[in-house]
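Visitor: Encoded as structure tokens, here's the structure I'll be asking about.
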Protein chains: 2
Amino acid sequence: MERPASDEQQAFQDALVRAGILHRSSAKGVYGRGPAFVAVFEGVDRFVSDAGRGDEPEVFRFPAVFPREALVRTDYLRSFPDLVGSIHGFDGDNRAHAALLRELDEGADWSASLSPADLVLLPAACYPLYPMLEGELPESGRLFDVLGTCFRREPSDDPARMQAFHMHEFVHVGTPDSALAFRDRWLERSQQMMADLGLLAEADVANDPFFGRAGAMLAANQRERALKFELLATVSDHEQPTAIVSCNCHLDHLTVPFGISSARGGVAHSACVGFGLERIVLGLFAAHGLDTARWPHETQKRLWQ
Amino acid sequence: MERPASDEQQAFQDALVRAGILHRSSAKGVYGRGPAFVAVFEGVDRFVSDAGRGDEPEVFRFPAVFPREALVRTDYLRSFPDLVGSIHGFDGDNRAHAALLRELDEGADWSASLSPADLVLLPAACYPLYPMLEGELPESGRLFDVLGTCFRREPSDDPARMQAFHMHEFVHVGTPDSALAFRDRWLERSQQMMADLGLLAEADVANDPFFGRAGAMLAANQRERALKFELLATVSDHEQPTAIVSCNCHLDHLTVPFGISSARGGVAHSACVGFGLERIVLGLFAAHGLDTARWPHETQKRLWQ
């Protein structure tokens with residue numbers, strides 16, 4: 001579902017494009033990232049890695065695609081059907097290919113020649129961890145550093161709302177207590193990190209964008225239980241701050257579907273802190289200006305030294 | 001189309017999984033990458049960046065998704081329909097969502113509720129460059145460093161054939177002569193680079209995997225004109241070497257569809273060298289063993305110093 005951009009969001013997009021920081025494509029919310037964006041992105045990514053390294057996480061990376069059957073085992077299609085990206089492919093022979101090419105030449109809808117693959121686009125960086133963790137966790141749980149290419153289908157000209165973006169997450173899977181403690185520790189730590197970069201970010205209780213009528217209830221429940229906090233900063237609109245970091249308790253939503261238990265067969269919970277890398281990068285351009293050479297010395301030092 | 005793995009390829013996959021270097025998912029050719037893989041991957045990626053830095057390329061990064069209309073403007077669907085990943089999404093209301101959930105609960109095919117989005121998966125790292133370059137190039141053309149998350153639908157248990165993988169490319173867009181010279185310079189340079197890592201790689205004329213009956217002719221033509229060279233190394237099977245680098249002249253296949261001309265309106269050609277990062281990483285594990293601490297000192301130095 002397209003998300004209309006405010007005038008200020010549109011103006012920020014225009015300014016980023018004029019400066020060669022982002023390059024529009026013909027699809028909304030899908031950008032090329034120019035040299036200045038890439039330099040800041042790499043700095044932020046390293047800054048995030050460094051912040052968690054002392055805890056000795058297991059470093060995992062996953063591709064942009066995720067098994068369809070694993071997504072079906074989660075609540076995702078129930079909660080966020082509008083955000084999913086389903087992957088379809090061509091399994092035909094020469095004759096079917098000729099038909100596809102005729103459809104193409106006639107400007108017709110050639111997607112009817114395709115059939116669903118066993119893959120969807122990865123919706124969140126930590127999802128591929130859970131199928132790996134089936135069984136009993138060690139006594140102190142496990143801790144991961146994951147960076148993922150995520151997809152959410154919400155085309156927009158607000159540059160802070162990309163369809164394809166990167167989440168750098170630290171994820172703990174352990175007991176209900178250890179998961180909550182992990183979430184709260186990172187809520188504090190991530191606020192300090194954003195301050196170190198010179199970003200004003202305020203923490204607030206939040207909810208995921210649950211779909212439809214039933215979703216409103218899920219959102220209210222999530223807020224009431226204070227399961228999700230976001231750090232909000234001005235990125236593309238002073239009146240609509242953007243979540244640049246989120247700190248989440250998933251309870252057993254991701255452990256039960258994949259048969260994960262804590263040590264000695266107890267209930268396992270998971271929690272994560274997710275750094276929205278593109279949003280932090282854009283927040284830095286919004287806060288410090290479009291010319292990185294003129295950014296505060298302290299910010300440059302944190303990113304590139 | 002599934003590509004059956006040889007016994008040796010299957011055995012190499014098993015060994016990588018036992019060592020925690022790769023983690024299988026429920027989809028073939030889609031892996032989690034463990035700490036050792038990630039460390040080597042980051043080293044190879046940096047090694048590739050460094051090799052091209054002296055030429056001062058413009059550094060661009062693109063997301064894993066690509067506008068459907070841009071793919072349609074190229075030969076891709078004509079040449080490689082079987083490799084494409086088309087993205088479909090859910091645009092329905094509450095009622096359609098209820099129907100989707102019923103289909104899910106009944107284990108039925110819920111993909112009928114989806115419709116094609118204006119996006120496909122990115123097939124090659126350099127594709128998003130060309131729509132950006134419409135118009136006339138500067139006198140000496142342009143040079144780019146791009147790294148992309150690519151997708152090709154060829155499920156396999158051969159670990160050297162992943163469905164989702166990374167290409168790190170240098171791309172030159174200029175005149176027919178400058179494109180050919182660029183390709184030949186990198187053919188030499190990339191062989192030296194692989195030798196520096198301790199990888200035995202042989203250059204050979206190659207062709208892209210063109211689809212179907214008509215494809216056989218296109219492949220023969222490409223070989224006859226020596227447009228594509230690959231560096232082949234033993235990765236997962238001694239009898240079936242794997243292309244770890246490719247050096248390509250695209251002629252005007254990607255410039256004409258996007259209205260790119262060289263200076264003063266002349267014909268523009270493009271050329272690229274693509275480093276298959278996952279394949280190089282796996283080639284290093286194959287050549288030097290699964291324990292990176294025991295790799296040759298020279299290789300470790302190139303990757304991590």
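Visitor: Looking at the stretch B:122-132, which of its residues are open to solvent by 10 Å² or more (accessible area, probe 1.4 Å) and within 11 Å of chain A (Cβ to nearest Cβ)? Steps first, please.
Guide: Step one: filter the stretch B:122-132 for residues open to solvent by 10 Å² or more (accessible area, probe 1.4 Å), giving B:124, B:127-128, B:131-132.
Within the stretch B:122-132, B:127, B:128, B:131, B:132 meet the criteria.
Visitor: Another question, then. Just wondering, is there one or more residues in the stretch B:127-134 that are among the acidic types (Asp, Glu) and over 27 Å from residue A:153 (Cα atoms)?
Guide: Filtering the stretch B:127-134 down to residues among the acidic types (Asp, Glu) leaves B:134.
This time we only want the ones that are over 27 Å from residue A:153 (Cα atoms), so: B:134.
Scanning the stretch B:127-134 turns up at least one residue that is among the acidic types (Asp, Glu) and over 27 Å from residue A:153 (Cα atoms).
Visitor: Which of the residues spanning the stretch A:94-120 are within 16 Å of residue B:118 (Cα to Cα), within 7 Å of another protein chain (Cβ to nearest Cβ) and of a type in the set (A, V, I, L, M, F, W, C)?
Guide: Of everything in the stretch A:94-120, those that are within 16 Å of residue B:118 (Cα to Cα), within 7 Å of another protein chain (Cβ to nearest Cβ) and of a type in the set (A, V, I, L, M, F, W, C) turn out to be A:104, A:114.
Visitor: Additional query: Given the options A:112, A:99, name the one that is open to solvent by 40 Å² or more (accessible area, probe 1.4 Å) and modelled with pLDDT under 95.
Guide: A:112
Visitor: So residue B:173 fits all but one of (1) in contact with a Phe, Trp or Tyr (Cβ under 9 Å, 6 or more places away or on another chain); (2) within 13 Å of chain A (Cβ to nearest Cβ); (3) of a type outside the set (Gly, Ala, Ser); what number is the exception?
Guide: Here residue B:173 clears every test but (2).
Visitor: Residues that are open to solvent by 40 Å² or more (accessible area, probe 1.4 Å) and touching a helix residue (DSSP H, G or I) at 6+ places or on another chain (Cβ under 9 Å): list the strands (runs of 3 or more DSSP E) wholly contained in the stretch B:172-260 that include at least 2 such residues. Before the answer, list the steps.
Guide: Values: elements: B:202-206, B:228-233, B:242-251.
Counting at least 2 such residues, we get B:202-206.
Visitor: Right, residue A:293: more than 18 Å from residue A:76 (Cα to Cα) and touching an Asp or Glu at 6+ places or on another chain (Cβ under 8 Å) or not?
Guide: No; evaluated as a whole, the condition is false for this residue.
Visitor: Oh, and also: Hey, residue A:293 hits all of (1) under 23 Å from residue A:127 (Cβ atoms); (2) outside any strand (DSSP E or B); (3) without any contact (Cβ under 8 Å) to a residue 40 or more places away in the chain but one; which does it fall short on?
Guide: Looking at each condition in turn, residue A:293 falls short on (1).
Visitor: Going by the structure shown, is residue A:91 within 9 Å of another protein chain (Cβ to nearest Cβ), in contact with a strand residue (DSSP E or B) (Cβ under 9 Å, 6 or more places away or on another chain), part of a helix (DSSP H, G or I) and more than 20 Å from residue A:288 (Cβ to Cβ)? Please lay out each step first, then the result.
Guide: Values: within 9 Å of another protein chain (Cβ to nearest Cβ): yes; in contact with a strand residue (DSSP E or B) (Cβ under 9 Å, 6 or more places away or on another chain): yes; part of a helix (DSSP H, G or I): no; more than 20 Å from residue A:288 (Cβ to Cβ): yes.
Answer is no for this residue.
The values are calculated or read from the model by the stated rules, or taken from the named source; none is laboratory data. Because the structure is a prediction, the values reported are computed rather than measured. We place every Cβ from the backbone using ideal geometry, glycine too, and count neighbours over all the protein chains shown. For accessibility, only protein heavy atoms count, side chains too; no ligands or nucleic acids. Shrake-Rupley method; radii C 1.70, N 1.55, O 1.52, S 1.80 Å.
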